[in-house]
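Only one structure is covered here, and it is reproduced in the block below.
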Amino acid sequence: MKIGVSNFPTDYSMAAVPLARALEERGFESLWVVEHTHIPASRRTPYPPGGDLPSIYWESYEPFTFLAQAAAVTESLKIGTGVCLVPEHHPIALAKRVASLDSLSGGRFLFGIGAGWNAEELENHGVAFAERWKVLREHVLAMKACWTERGASFHGKYVDFDPVWVEPKPVQRPHPPVYIGASSKWAIERIVDYAEGWLPIGMPGWEERLDQLNALCEEKGRDRAEIDVSLFTAPESQDVLAELQAKGVNRVILSLPTSSQDESLKVLDSYAPVIEWANGLE
């Protein structure tokens, strides 16, 4: 079982360099950070959990810049987006950014992706909310072409380009793993179709989706062992963690609140029993 940490990093929370060093020193396997290019002042789209939208959603750093700093001062810590809003980027430019970070980090990048929940945010990037997952799929397939082909081309409804050279290629072969961060029945179908991993949140109903994933892999002839399941959840007892592992969860991602360095270190230290348990499995 791998143990990661997720965070909304801001200019008033623990900085990338000390955070990455602290995670690696304490035995955490990975660091995952969020993305919102902006938050529209309009509140037409309600915050999914309800209530007011926390300010960290528009105060968070751009994730690739933050993760590059984290990678530069660590040797083994994996770095991931949890999640990158793929429809808000041009696929050639994003393919270049992902490949560069994977290359510079020595192959440590984990590409968590999503389509976004804020309709206005997507519209500001020229993406219709109803089409966001269709756009995402073409972007992912176009990026995979850029990562794996010398003269990559793609011709779809939303993405269209003739052969291009996009270098450097990622260190990971054939490319960094793509994790879909969604838990609808359609998300499971997308994972089996074109992803290497799943990033569910440990909310009621997620285990039903895990059963769906297992069944759909068998139906489609996809090797379930090839799909990495990384669960965002709270610290659990060792018995619960063992149950999750038995069900096929490969990684648990614990939340690190957006807070000062002193407070962040206290939270990380409180997770020591989870790290010790995970290390005991090796």
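The values are calculated or read from the model by the stated rules, or taken from the named source; none is laboratory data. Since the structure is predicted, the reported quantities are computational estimates derived from the model, not experimental observations. All Cβ positions, even for glycine, are placed from backbone atoms using ideal geometry, and neighbour counts span all protein chains on display.
Numbers below:
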| read-out | value |
| --- | --- |
| The stretch 191-239, residues that are over 20 Å from Ser30 (Cβ atoms) and β-branched (Val, Ile, Thr) | Val192 |
| Failed criterion for Ile253 (all others in (1) surrounded by 20 or more Cβ atoms within 10 Å (Cβ to Cβ); (2) part of a helix (DSSP H, G or I) hold) | (2) |
| Restricting the stretch 240-250 to residues that are surrounded by 15 or more Cβ atoms within 10 Å (Cβ to Cβ) and aliphatic (A, V, I, L, M), the residue that is nearest to Leu31 (Cα to Cα) | Val249 |
| Options Lys185, Lys266: the member that is modelled with pLDDT of 95 or more, farther than 22 Å from Ala115 by Cβ, surrounded by fewer than 18 Cβ atoms within 10 Å (Cβ to Cβ) and not polar (S, T, N, Q) | Lys266 |
| Some residue of the stretch 244-255 being over 17 Å from Phe111 (Cα atoms), over 15 Å from the mean Cα position of the chain (by Cα) and without any contact (Cβ under 8 Å) to a residue 40 or more places away in the chain | yes |
| Selection within the stretch 83-96 - out of contact with any His (no Cβ under 8 Å at 6 or more places or on another chain) and either in contact (Cβ under 8 Å) with a residue 12 or more places away in the chain or of a type in the set (Phe, Trp, Tyr) (or both) | Val83, Cys84, Ile92, Ala95, Lys96 |
| Residue match in the stretch 210-224 (condition: crowded, with 18+ Cβ neighbours inside 10 Å and in contact (Cβ under 8 Å) with a residue 60 or more places away in the chain) | no |
| Matching residues in the stretch 126-164 - criterion: being within 22 Å of the chain's Cα centre (by Cα), of a type in the set (Val, Ile, Thr) and farther than 20 Å from Leu101 by Cβ | Val127, Val135 |
| Positions within the stretch 76-114 being more than 22 Å from Phe232 (Cβ to Cβ) and in contact with a Ser or Thr (Cβ under 8 Å, 6 or more places away or on another chain), in sequence order | none |
| Looking only at the stretch 217-241, and only at residues there that are out of contact with any helix residue (DSSP H, G or I) (no Cβ under 8 Å at 6 or more places or on another chain) and acidic (Asp, Glu), the one that is nearest to Ile201 (Cα to Cα) | Asp228 |
| Output for the stretch 99-116, where each listed residue is over 10 Å from the mean Cα position of the chain (by Cα) and over 13 Å from Val34 (Cα atoms) | Ala99, Ser100, Leu101, Asp102, Ser103, Leu104, Ser105, Gly106, Gly107, Arg108 |
| Scope the stretch 76-104; condition within 16 Å of Pro177 (Cα to Cα), in contact with a helix residue (DSSP H, G or I) (Cβ under 9 Å, 6 or more places away or on another chain), surrounded by fewer than 23 Cβ atoms within 10 Å (Cβ to Cβ) and of a type in the set (S, T, N, Q); matching residues | Ser100 |
| The stretch 190-221 - residue that is of a type in the set (Asp, Glu) and within 18 Å of the chain's Cα centre (by Cα) and, of those, nearest to Leu244 (Cα to Cα) | Glu196 |
| The lone exception for Gly27 - which of (1) on the phi < 0 side of the Ramachandran plot; (2) surrounded by 13 or more Cβ atoms within 10 Å (Cβ to Cβ) it fails | (1) |
| Per-region count, the stretch 196-207, residues surrounded by fewer than 20 Cβ atoms within 10 Å (Cβ to Cβ) and either touching a His at 6+ places or on another chain (Cβ under 9 Å) or touching a residue at least 12 places away in the same chain (Cβ under 8 Å) (or both) | 7 |
| Filter pass, Val135 being within 22 Å of Glu196 (Cβ to Cβ), in a helix (DSSP H, G or I) and in contact (Cβ under 8 Å) with a residue 24 or more places away in the chain | yes |
